[in-house]
Amino acid sequence: MNIKNNISFGGLLITLGIVFGDIGTSPLYVVKAIKHVLGTSNQETIFGGISLIFWTLTLQTTIKYVIVTLRANNKGEGGIFALFALLRKRYSWAYILALIGGSTLLADGIITPAITVTSAIEGLRFLNPDIPVIPIIVAILSGLFFMQQFGTRFLGNAFGPIMLVWFVVIAFWGSLQIMKYPEILAAVNPMYSINLLANYPGSFLILGAVFLATTGAEALYSDLGHCGIRNIRITWIFVKITLLLNYFGQGAWFIHNPDFNAETANPFFAIMPQWFILPGTIIATLAAIIASQALISGSFTLISEAISLNLWPKMTIKYPTELKGQMYVPFINQFLWAACIFVVILFQKSTAMEAAYGLAITITMLMTTSLLLLYLRRRTHVFFVILMGIVYIPLESIFIYGNLNKFAHGGWFTILAASVLAILMYSWYNGRKIKNSLMKFMPVEKFLKILKNIRNDNTIPKFATNLIYLTKADKKYEIESTINYSILDKLPKRADMYWFIHIDIKDEPYICEYEVTSLIPGVATRIDFRLGFRIEPQVNLLFRQVLEDLAKSGEYSQDSGYPSLKKFKIKGDCRYVIIDRILTQEHEFNLRERFIMLISNIFAYFAIPDPKSYHLDASNIVVEKVPLGEPDKLNQRIKRINVMQ
């Protein structure tokens, strides 16, 4: 169901389930984290903490993301990689910002399921403090990741109604507490925030806890392509109201319970009556699962986009349901599962996870802001761009500084994970650039003359009716020297028709078109596929569609090139030659290049081979290893010492 352009109750309900799981479950741990930092508290500190939550949600989520950033979409697609795709032609260096933001967002995807599910299950300790929650958490997370391979259509249909119940429940119990102490509403006054930051000794520590209230804003932007800007904006009004009612309600409850120990219990459950603890825990667990699912699905989408943008090696991507956009990446699923279980076992309690949570995502948001300013630079008034920069660069830098204290208390884990991911992306991206720089291209004109003679040389055994190469030459009338080497210098390959396919990944997400260039009529043809970065390059199926189109227009005959088969109207065979471009030992690199190639080659072991990534028929493929470029020449020429008499 495409809800991107439809405003309806059903569309808003689906948006509620897809987009707001992460930010919607923040009340489970945000106020608890603030209270943990404050220790014993009074009215001024409680008002200040709630005021900081209100203004963080307003400035960071509402204004920056919902109002401004959602406009920076790539044909309806959002997220940091979609934003980079809009900029990469003009700002080639911006890939650094994108890979840092993408890697920290993936690192956030590791800890979000762990802290969300843990915070929900810990509600059982209000019923029995001795309940062993760790095995329950591990079982829930394991079941969630196991289920990914089958798709989440059934659960997806229930996400919206469950999240609707969740938001109504948290708003209801928060409102009851506000009714008992309506003075808490005065916390909307920003002076309470300013006074707390100015007078409290550990003000930056508080910012690290407050920031947790807006961690789901980046996921909100990433899900733009699933739901559309209007659905997200309208739904956010409802979501923000319910979140604030719960936050203010927890603050009101704290006024009457200033000595509550947030280390051992959660104020989110404390505002509920005892009889509702079990139902509340069940609802919270379901909401936590939905929030986790959103992060997992978002990670799959992020990796898919990174592959298309050459920031990640090609990996197996499966589509377990017919729903557009729902995918499953086995390697990433296994990695996230192992990392989440490790986080749960390492930190044991949600309080400990709070110390690790938030540091990585602040970096993502700063990278998004930097890319957004580049995007706005040519699309809006310069004074607005300056205003955005003046407000959000310092604001998010302060949040990063406020979260730095978390590094020694667990933040090191997400930073370590993000750093490893960033190094891998950097090495893969630049490793491809190094290889591409060594590729030699030649004018196709001279090559085609030889090709025509080979085709007509009956002394050479026929290799295929249709011989197909994937070419990296951007210019139509150029060819790689490696293809020349494969056809001429190795065993000569005679075919009735030579095809050169070039795949151009476009910045638009869903474009799917092709162009035909006849190099030699009836002998050699080039096909340029223009595919969006969200389109899977199923070359085998796409090429067959091209052949059908050309046959209908009379430009090509699909009959076999073998006379014994042609008279029975058997279609011609297709044979793909995949060139594995290898570096020889003679190539010399500097220290940086050696490091990049080392990491890139190690990372390549996790990639799937080109035939599989392009969905080619394995029975019709030949893979050849061909030297890449020209090796460095010797500095001296060898001398002959024996002279024949």
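The values are calculated or read from the model by the stated rules, or taken from the named source; none is laboratory data. What you see is a predicted model, and the numbers here were worked out from it, not measured in a lab. Quick reminder, even Gly has a Cβ in these numbers, built from the backbone with ideal geometry, and neighbours come from all protein chains shown. Please note that ligands, DNA and RNA were not included when accessible areas were found on the heavy atoms of the full protein model with its side chains. Shrake-Rupley method; radii C 1.70, N 1.55, O 1.52, S 1.80 Å.
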Under Karplus coefficients 6.51, -1.76 and 1.60, residue-wise ³J(HN,Hα) of segment 614-619 in Hz, glycine/proline x: 9, 6, 8, 6, 4, 6
Using a 1.4 Å probe and ignoring any ligands, DNA or RNA, find the accessible area of HIS615 and quote it in Å² to the nearest 10. 70 Å²
Can you pick out the pairs among LYS567/LYS612; LYS314/LYS406; LYS32/LYS240; LYS89/LYS625 whose Cα atoms lie more than 30 Å from each other? LYS567/LYS612; LYS314/LYS406; LYS89/LYS625
Would you mind calculating the relative contact order of the chain from Cα pairs under 8 angstrom and at least 6 residues apart, reporting the percent as a whole number? 19 percent
Step by step: find N for segment 418-478, compute 2.2 N^0.38 Å, then divide the Cα radius of gyration by it. What's the final number? 1.77
Out of residues 5 or more away from THR25 or on other chains, whose amide H comes under 5 Å of its own, with H placed 1.01 Å from N in the peptide plane? none
In what order, largest first, do ARG379, ARG494, ARG233 sit by accessible area if the probe radius is 1.4 Å? ARG379, ARG233, ARG494
Ignoring ligands, DNA and RNA, how do HIS256, HIS502 rank by accessible area with a 1.4 Å probe, largest first? HIS256, HIS502
Length added when fully stretched, TYR477-LEU438, from 0.36 nm per residue minus Cα-Cα: 12.1 nm
Going by a ≥ b ≥ c, the root eigenvalues of the Cα gyration tensor, does segment 59-107 fall in the rounded group (a/c under 1.5), the prolate group (a/b larger than b/c) or the oblate group? oblate
In this structure, the FRET efficiency calculated for TYR605 and LYS462 from their beta-carbon separation, with R0 = 41 Å, to the nearest 0.05, is 0.65
In square angstrom, what is the accessible area per residue of segment 445-509 with a 1.4 angstrom probe? 46 Å²
Any idea what the dipole of the chain comes to, in debye rounded to 20, about its Cα centre with Lys/Arg Cβ at +1 and Asp/Glu Cβ at -1? 2060 debye
For ILE501, the residues 5 or more places away or on another chain with a placed amide H closer than 5 Å to its own amide H are TYR469, LEU470, THR471, ILE527
Segment 40-88 and segment 589-611: distance between their alpha carbon centers, rounded to Å: 36 Å
Rounded to a whole number, what % of the accessible area of segment 25-103 do carbon and sulfur atoms account for, probe 1.4 Å? 60 percent
PRE zone check, label point 7 Å out along Cα-to-Cβ of VAL138, amide N under 18 Å, scope segment 341-381, hits 341-350, 353
Among rounded, prolate and oblate, which fits segment 1-109 when a ≥ b ≥ c are the square roots of the eigenvalues of its C-alpha gyration tensor, a/c under 1.5 means rounded, and a/b larger than b/c means prolate? oblate
Cut-off under 5 Å, modelled amide H: who pairs with ILE608 long-range: LYS314, MET315, THR316
Roll a 1.4 Å probe over the protein heavy atoms and report the accessible area of ILE63 in Å², nearest 10. 60 Å²
Could you work out the per residue convex hull volume over the alpha carbons of the chain, in cubic angstrom? 201 Å³
With +1 assigned to the C-beta of every Lys and Arg and -1 to the C-beta of every Asp and Glu, and no other charges, what is the dipole magnitude of segment 384-482 about the Cα centre in debye, to the nearest 20? 540 debye
With x for Gly and Pro, the residue-by-residue ³J(HN,Hα) of segment 472-486, computed from phi through the Karplus equation 6.51 cos²θ - 1.76 cosθ + 1.60 at θ = phi - 60° and given in whole Hz, is 9, 6, 6, 7, 5, 9, 10, 9, 5, 5, 5, 5, 4, 5, 5
Checking a compactness column here: for segment 197-248, what do you get for Rg(Cα) / (2.2 N^0.38 Å), N being the number of residues? 1.49
Relative contact order for segment 64-192: what percent, with Cα pairs under 8 Å and sequence separation of 6 or more? 10 percent
Residue separation between ALA352 and PHE568 times 0.36 nm, minus their alpha-carbon distance, gives in nm 70.5 nm
Taking the alpha-carbon centroid of each part, what is the distance from segment 96-148 to segment 514-552 in angstrom? 45 Å
Rounded to the nearest 10 Å², the 1.4 Å probe accessible area of PHE9 is 150 Å²
Beta bridges by DSSP in the chain, antiparallel share as percent, to the nearest 5: 35 percent
Of the residues SER142, LEU302, LEU164, the Cα lying farthest along the dipole of the chain towards its positive end, which is defined by charges on the beta carbon of Lys, Arg, Asp and Glu, belongs to LEU302
Whole-Hz couplings from phi, Karplus 6.51/-1.76/1.60, listed for segment 431-444; x for Gly and Pro: x, 5, 5, 5, 4, 5, 5, 8, 6, 10, 10, 9, x, 6
Identify the residues of segment 50-70 with backbone N under 16 Å of a label point that sits 7 angstrom from the Cα of VAL188 along the Cα-to-Cβ direction, or state none. 50-59, 62-63
Taking R0 as 56 Å, what's the FRET efficiency between LYS75 and GLN43 from their Cβ-Cβ distance, rounded to 0.05? 0.65
